[in-house]
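K.L.:
Questions regarding the structure given below will be posed in turn.
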Amino acid sequence: MNFILATTNDLFIQRTEEASTILKGQLVTVGHLSEFFTQLFFKNYDLGIVDPKTPSSFPYLEIIERLRKEGIQLPLFLIDHELNAQQRILSLRKGIDLFLPQNFIPEELAEHALSLVRKKNVIEELHILKIGSLTIDIKNFRVWKGNKEIKLTQKEFSLLMLLATRKNNILSAEEIFNQLWGDYSKVSSINNVIQVHMSGLRKKLEENSLKNLITTVRGKGWIILDQKKAS
């Protein structure tokens with residue numbers, strides 16, 4: 001686990017170093033909040049810790065808010081220098097995840113960090129589907145074969161996700177059309193509509209050595225089999 005700590009307080013640095021050692025991680029310390037922002041923008045960290053008394057050209061909560069607006073979602077802890085209730089509420093609204101007391105001990109910081117990482121992993125698992133070597137990120141609409149991303153159109157992605165979430169079940173043309181386009185009763189040839197997108201999807205899968213991922217069941221529809229069953 002990689003920590004970044006914004007502080008000029010030697011005691012906070014020492015305690016955070018001990019916590020990172022407990023977690024077999026690495027610590028980077030910065031003495032100015034502008035550098036904190038720069039580091040988080042260009043490098044990957046698992047946890048950021050902010051001491052509000054760290055020098056800055058503008059208020060620390062503005063930096064936190066900017067980080068969140070830029071899509072940087074790592075856990076952020078704030079060392080609590082006797083903040084009042086309204087200050088804590090504002091900090092939470094700006095993007096702080098947890099308050100650390102000034103007298104925190106390394107073990108306490110380590111446990112808080114582990115707890116947030118566990119929650120983050122659970123949330124990520126809910127958004128990820130794996131079928132053999134294929135990974136589908138439902139939240140971000142992205143697909144990979146191993147480490148290589150497969151670029152799909154919106155409809156191709158929706159089609160793949162539908163079949164993947166219902167794997168080992170044959171989905172008829174009517175079911176697929178109803179899920180992705182809506183009422184099929186007014187469309188003369190739903191098979192033709194589906195085939196256009198299915199062909200595009202299959203071509204991209206085939207280009208990535210996934211030719212047999214989707215199986216056509218003649219007269220019934222399409223299916224993605226669990227890869228153990230398919231092998």
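The values are calculated or read from the model by the stated rules, or taken from the named source; none is laboratory data. The structure displayed is predicted, hence computed values, not measured ones. Methodologically, a virtual Cβ is constructed for each residue, glycine included, from the backbone with ideal geometry; neighbour enumeration extends over all protein chains shown. SASA here: full protein model, heavy atoms, side chains in, ligands and nucleic acids out. Shrake-Rupley method; radii C 1.70, N 1.55, O 1.52, S 1.80 Å.
K.L.:
Would you work out the charge dipole size for the chain about its Cα centre, treating the Cβ of every Lys and Arg as +1 and the Cβ of every Asp and Glu as -1, and quote it to the nearest 20 debye? Walk me through the numbers on the way to the answer.
P.N.:
Working: 31 positive and 26 negative charges, 314 e Å.
That gives the chain a dipole magnitude of about 1500 debye.
K.L.:
Bin width 5 Å, alpha-carbon pairs only: give the P(r) of region 51-92 as whole percents, running from 0 to the bin holding the largest distance.
P.N.:
Going from the shortest bin to the longest, the percentages are 5, 19, 31, 27, 15, 2.
K.L.:
At Lys203 and Ile128, where each label point lies 7 Å from the Cα along Cα→Cβ, what is the point-to-point distance in nanometres?
P.N.:
Modelled inter-label distance: 3.1 nm.
K.L.:
Could you grab the Rg to Rh ratio for region 65-153? Cα atoms only, Kirkwood for Rh. Walk me through the numbers before you get to the answer.
P.N.:
Working: Rg = 17.8 Å, Rh = 15.9 Å.
Result: Rg/Rh = 1.12.
K.L.:
Right, next: Could you give the accessible area per residue of the chain, probe 1.4 Å, as a whole number in Å²? Can you show the working numbers first?
P.N.:
On the way: 13510 Å² over 231 residues.
Roughly 58 Å² per residue, with all protein chains present.
K.L.:
Shifting gears a bit: Points 7 angstrom from Cα along the Cβ direction at Leu92 and Asn44: gap in nanometres?
P.N.:
The two pseudo-label positions are separated by 3.1 nm.
K.L.:
Considering only protein heavy atoms, with the full assembly of protein chains and a 1.4 angstrom probe, order Lys145, Lys43 by accessible area, largest first.
P.N.:
Numbers: Lys145 55, Lys43 115 Å².
Result, largest first: Lys43, Lys145.
K.L.:
Straight-line reach from Lys43: which aspartates and glutamates fall under 16 Å, measuring Cα to Cα and dropping same-chain residues less than 8 apart?
P.N.:
Lys43 reaches Glu35, Glu70.
K.L.:
For Ile49, what accessible area in Å² do you get when you roll a 1.4 Å probe over the heavy atoms of the protein chains, rounding to the nearest 10?
P.N.:
Here the residue's solvent-accessible area equals roughly 0 Å².
K.L.:
Which one is right for this structure if Cα Rg over 2.2 N^0.38 Å is calculated from it: (i) 1.39; (ii) 2.30; (iii) 1.09?
P.N.:
Computed from these coordinates, Cα Rg over 2.2 N^0.38 Å corresponds to label (i).
K.L.:
Could you calculate the FRET efficiency of Lys53 with Asn84 from 1/(1 + (r/R0)^6), where r is the beta carbon distance between them and R0 is 25 Å, rounded to 0.05? Kindly include the intermediate steps, with their values, before the conclusion.
P.N.:
Working: r = 16 Å, r/R0 = 0.64.
The computed FRET efficiency comes out at 0.95.
K.L.:
Please work out the Cα center distance from region 58-88 to region 127-160, rounded to the nearest Å.
P.N.:
When both Cα centres are located, 33 Å separates them.
K.L.:
Also: Could you report the accessible area of Thr38 in Å², rounded to 10, computed with a 1.4 Å probe on the protein chains as they sit in the structure?
P.N.:
So the heavy atoms of Thr38 present about 70 Å² to solvent.
K.L.:
Here's something else I'd like to know. Please give the calculated 222 nm ellipticity per residue for the chain, where each DSSP H segment of at least 4 residues contributes -39500 (n - 2.57) and the sum is spread over every residue; nearest 500 deg cm²/dmol? If you can, show how the numbers build up before the last one.
P.N.:
Values: 9 runs with 107 residues, N = 231.
That comes out to -14500 deg cm²/dmol.
K.L.:
Okay, next question. For the chain, give the percent of accessible area contributed by carbon and sulfur heavy atoms, probe 1.4 Å, rounded to a whole number. If you can, show how the numbers build up before the last one.
P.N.:
Numbers: 6610 of 13510 Å².
On the chain, the fraction of accessible area on carbon and sulfur atoms equals 49 percent.
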